[in-house]
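I have placed the structure first, in the form of structure tokens, so that the comments after it can refer back to it.
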Amino acid sequence: MERPFTLHQPALQVVPVVVDVPHAGRRYPKAFVERARLPLRSLRRSEDAYIDLLFAQAVALGAPLLVAEFPRAFLDVNREPYELDPRMFDGRLPAFANTRSMRVAGGLGTIPRIVGDAHEIYFGRIPVEEGLARIDALYRPYHAGLRSLIQRTHGAFGTCILVDAHSMPSSGLDRDGLAKADVILGDRFGTSASGYIVDIAEEAFRRLGLSVTRNRPYAGGFITEHYGAPTSGVHALQIEINRALYMDEATLEPHAGFVELERGMTAAMADCFARWSGWLDEWREAAE
């Protein structure tokens, strides 16, 4: 089984921010690829490709960065631990499994059944023991690591802002029939992060000349829902970047826009981290 994640730590954490990248994993288990009915390139279409690289400078700015190593098509940590489709497995699922969620119905449970435009991953059922083993080996360690970072940050700073970093395909329209924005910010309609936190992020991206929408088409996934608790000082914000800005979605390779966007993301993070930390206010007061 592949290692669950890589944790990139700053020499000293100086901001109350944790960045996690749950869907950019590129280490595809050989046995998984060999047994899939889809070629590797098709399996990779569910990746948030290169998002870990776009957010990599978070570490230099003083925030830890947690990156899942395994691919989303193999296991999705932005789901409940046991959102499982009984039609996928040989054997009986645990009684506590959530088999009726909308995500399970759509083929996108903890162990996905499909990628892309509803393309089936597997030829047939997989042993239930194999599915449960993936959860034990990958899902549980990832969330244990993320939980530890959030708790440590909250303990040190009295607050924590979790940035849950994702990408999105450029094709298609959102639920209002409009072209997708460059950036979508998800705070579960204000329940996972304070409006002040989200306003700062929106301003930072707009200063880069990027279009921004909030809570559309989705308000955030399990990670923002599970960890976001603004009244307790933990704010969880999902950020989705339009893939067309930085990569060729057909070849899955970065294009010429990657370097410019990487610079812009670094500037946006520096702006957000400083303002979320209150540094700009302190500097202004000192200057006055």
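The values are calculated or read from the model by the stated rules, or taken from the named source; none is laboratory data. From a predicted model like this one, the values you see are computed outputs, not experimental measurements. Here the Cβ is made from the backbone with ideal geometry for all residues, glycine too, and neighbour counts use every protein chain on show. Just so you know, the surface numbers come from the protein's heavy atoms only, side chains and all, with ligands and any DNA or RNA stripped out. Shrake-Rupley method; radii C 1.70, N 1.55, O 1.52, S 1.80 Å.
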Qualifying residue in region 68-88 (condition: at pLDDT 95 or above, aromatic (Phe, Trp, Tyr) and closer than 23 Å to Ala165 by Cβ): yes
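Just to check your reading of the model, which residue among Ile126, Ile150, Ile184, Ile135 is closer than 27 Å to Asn98 by Cβ and over 20 Å from the mean Cα position of the chain (by Cα)?
Of the residues listed, the single one that is closer than 27 Å to Asn98 by Cβ and over 20 Å from the mean Cα position of the chain (by Cα) is Ile126.
Mind checking whether some residue in region 138-150 is at pLDDT 95 or above, in contact with a helix residue (DSSP H, G or I) (Cβ under 7 Å, 6 or more places away or on another chain) and closer than 29 Å to Pro230 by Cβ? Before the answer, list the steps.
Taking region 138-150 as the starting set, the residues that turn out to be at pLDDT 95 or above are 138-150.
Now restrict to residues that are in contact with a helix residue (DSSP H, G or I) (Cβ under 7 Å, 6 or more places away or on another chain): 150.
Narrowing the set further to residues that are closer than 29 Å to Pro230 by Cβ leaves 150.
Yes, there is a match, as at least one residue in region 138-150 is at pLDDT 95 or above, in contact with a helix residue (DSSP H, G or I) (Cβ under 7 Å, 6 or more places away or on another chain) and closer than 29 Å to Pro230 by Cβ.
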Residue, nearest to Ala68 (Cα to Cα), within region 127-155, restricted to residues that are of a type in the set (Ser, Thr, Tyr) and either open to solvent by less than 50 Å² (accessible area, probe 1.4 Å) or not in a helix (DSSP H, G or I) (or both): Tyr142
Within region 1-12, tally of residues that are touching a Lys or Arg at 6+ places or on another chain (Cβ under 8 Å) and under 15 Å from Ala156 (Cα atoms): 0
Tally of residues being out of contact with any helix residue (DSSP H, G or I) (no Cβ under 8 Å at 6 or more places or on another chain) and among the β-branched types (Val, Ile, Thr) across region 107-137: 3
Test for Val128: is it in contact with a Phe, Trp or Tyr (Cβ under 6 Å, 6 or more places away or on another chain), aliphatic (A, V, I, L, M) and closer than 30 Å to Cys272 by Cβ: no
Filtered residues of region 107-126 (kept if free of Cβ contacts under 8 Å to residues at least 40 places away in the same chain and either open to solvent by 40 Å² or more (accessible area, probe 1.4 Å) or in a helix (DSSP H, G or I) (or both)): Leu108, Arg113, Asp117, Ala118, Gly124, Arg125
